[in-house]
Amino acid sequence: MTGARPISVLLVDDHRSVLWGLGKLIESASPQMKLADSVTCQRDAVTAMKQHAPDVVLLDLDLGEESGLELVPQLCGDAQVLILTGSRDTESHQRAMLAGARGVLHKTEPAEVILKAIARVHAGEPWLDRGSLGKLLDAFSRRSMDPEIPAHSTLTAAERKVVGAVVRHKGLPNKVVAASLHLSEHTLRNHLASIYSKLGIHRRIDLVLYGVEHKLGTLPS
């Protein structure tokens, strides 16, 4: 890690003890790296992005009652997003990468590996193990092989039910949609983040319009 300007890192995790430890790690890598800010929720992450313009965002996918996955499309346009998670759910990791993240790290990785990954993604390189990289490339290839296949064909049965509920309950809060599907709001947000990634949209209103256009709002048979 060389260069005159340090890599500015924003930390996003809902556990303050984790943020403290990661902050100390980033500070230990000075002058190659510097800590931009540490935040615990989506709103503060977006605010910190505007205030500090970090180079790399170290983001946890599980932010308590919020989903870090939803943040990836909002952050990846202005910084390199590196997922640091305690989850071994490979599907969630793939969703994050398809949404624009540059890599995925498990929280059990040694400190030197975390610092190396930050430097790599800052340099524009992906950070994935070989198995995950193969699955990701396969997912990308399935998307691009046939442009005539509609994007919603990649949705799972559960995700199609979510789209239908969003269309039927348009304008109502997430808790109403979640209740109609017998899901928690947290689970609903995870589904929505995956759906947005697959359809290339970012807002519920866009999902409603897409669902209406492709007649995805009918009740499942």
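The values are calculated or read from the model by the stated rules, or taken from the named source; none is laboratory data. In this text, all values refer to a predicted model and were calculated from it rather than measured experimentally. Every residue, glycine among them, receives a Cβ derived from its backbone with ideal geometry; neighbour counts consider all protein chains shown. Remember, those area values only see protein heavy atoms, side chains included, never the ligands or the DNA or RNA. Shrake-Rupley method; radii C 1.70, N 1.55, O 1.52, S 1.80 Å.
Specify the angular offset, from 0 to 90 degrees and rounded to the nearest 10, of the alpha carbon long axis of helix 185-199 from the longest principal axis of the alpha carbons in the chain.
Roughly 90 degrees between the two axes.
Only bridges whose two residues both fall in region 1-124 count here: according to DSSP, what percent of them are antiparallel, nearest 5?
10
Would you mind checking the radius of gyration and Dmax of the chain based on alpha-carbon positions, in Å?
18.3, 61
Ranked from highest to lowest mean number of other Cβ atoms within 10 Å per residue, what is the order of the peptides 97-104, 40-47, 121-128, 55-62?
Details: 97-104: 22.8, 40-47: 15.8, 121-128: 17.2, 55-62: 24.2.
Result, highest mean first: 55-62, 97-104, 121-128, 40-47.
How high is the FRET efficiency between residue 112 and residue 50 when r is their beta carbon distance and R₀ equals 41 Å, given to the nearest 0.05? Let's see the in-between values first.
Numbers: r = 31 Å, r/R0 = 0.76.
Approximately 0.85, to the nearest 0.05.
Rounded to the nearest whole Å², what accessible area per residue is found for the chain with the 1.4 Å probe? It would help to have the intermediate numbers written out before the result.
On the way: 11650 Å² over 221 residues.
On a per-residue basis, the chain sits at 53 Å².
Heavy atoms only, probe 1.4 Å: what % of the accessible area of the chain goes to carbon and sulfur, would you let me know?
Values: 6250 of 11650 Å².
So the carbon and sulfur contribution to the accessible surface is 54 percent.
In whole Hz, with x marking every Gly and Pro, tabulate ³J(HN,Hα) for region 41-52 from phi via Karplus 6.51 cos²θ - 1.76 cosθ + 1.60, θ = phi - 60°.
8, 4, 4, 5, 5, 5, 5, 5, 4, 5, 6, 10
I need the Kirkwood Rh of region 1-123: take the reciprocal of the average 1/r across all distinct C-alpha pairs and report it in angstrom. The partial results should precede the final answer.
Details: mean 1/r = 0.0713 Å⁻¹.
For region 1-123, inverting the mean 1/r across all distinct Cα pairs yields 14.0 Å.
Could you rank the peptides 156-167, 13-24 by their average count of other C-beta atoms within 10 Å per residue, with the highest value first?
156-167, 13-24
For each pair in 24/198; 116/198; 107/170; 50/161; 50/215; 116/161, compute the distance between the two Cα atoms and list the pairs where it is over 32 Å. The partial results should precede the final answer.
Values: 24/198 36 Å; 116/198 30 Å; 107/170 38 Å; 50/161 35 Å; 50/215 38 Å; 116/161 41 Å.
Over 32 Å Cα-Cα: 24/198; 107/170; 50/161; 50/215; 116/161.
How far, in nm, would the chain grow between residue 41 and residue 205 when pulled straight, counting 0.36 nm per residue and subtracting the alpha carbon separation? Working shown, then result.
Values: separation 164, 0.36 × 164 = 59.04 nm, distance 2.27 nm.
Here the segment from residue 41 to residue 205 would lengthen by 56.8 nm.
Pop a pseudo-label 7 angstrom from the Cα along the beta-carbon direction at both residue 153 and residue 27 and give the gap in nm to one decimal.
Going from the residue 153 label point to the residue 27 one covers 5.4 nm.
Starting from the 7 Å offset along Cα-to-Cβ, what nm value, one decimal, do you get for the label separation of residue 20 and residue 182?
In this crude label model, residue 20 to residue 182 measures out at 4.2 nm.
Work out the FRET efficiency for residue 215 and residue 172 from their Cβ-Cβ distance, taking R0 = 22 Å, and round it to the nearest 0.05.
On the way: r = 20 Å, r/R0 = 0.92.
Working from the Cβ atoms, E equals 0.60.
Give the percent of DSSP beta bridges with both residues in the chain that are antiparallel, rounded to the nearest 5. Walk me through the intermediate numbers first.
Details: 2 of 21 bridges.
Bridges in the chain that DSSP calls antiparallel: roughly 10 percent.
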